[in-house]
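One structure is given below, encoded as structure tokens.
Please treat every number below as a calculation from the coordinates, not as lab data. Remember, predicted model here, so these are calculated numbers, not experimental data. Here the Cβ positions follow ideal geometry from the backbone for every residue, glycine too, while neighbour counts run over all protein chains shown.
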Amino acid sequence: MQQVYVKFNSADQVSRFVNQIDRFDANFDLGTGRRTVDAKSIMGILALDLSQPLQLRYDSDDMSIRERISPFLVEG
């Protein structure tokens with residue numbers, strides 16, 4: 001299980017993020033605390049508080065995932 005933090009400044013960024021991770025055959029969970037959603041769901045992400053970095057967990061060791069989501073990565 002990999003864990004990184006991401007941050008979005010607009011709904012357009014959320015859409016671009018989902019388009020990137022949707023290409024991978026892995027499970028992605030996004031959220032903070034007990035509030036977690038499927039990261040491949042634009043509506044689920046938009047229901048979260050986007051003012052803070054969100055924890056992204058995924059079950060793949062594919063290093064190209066980090067490359068694809070690098071524009072959204074922040075320090076946790």
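Quick notes on this one:
Residue-wise test of (1) of a type in the set (F, W, Y); (2) more than 11 Å from the chain's Cα centre (by Cα).
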{"residue": "R35", "(1), (2)": "no, yes"}
{"residue": "D38", "(1), (2)": "no, no"}
{"residue": "I42", "(1), (2)": "no, no"}
{"residue": "I45", "(1), (2)": "no, no"}
{"residue": "D49", "(1), (2)": "no, yes"}
{"residue": "P53", "(1), (2)": "no, no"}
{"residue": "R57", "(1), (2)": "no, no"}
{"residue": "I69", "(1), (2)": "no, no"}
{"residue": "F72", "(1), (2)": "yes, no"}
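- For the range 1-45, filtering for residues that are within 18 Å of E75 (Cβ to Cβ) and surrounded by 14 or more Cβ atoms within 10 Å (Cβ to Cβ) leaves 10.
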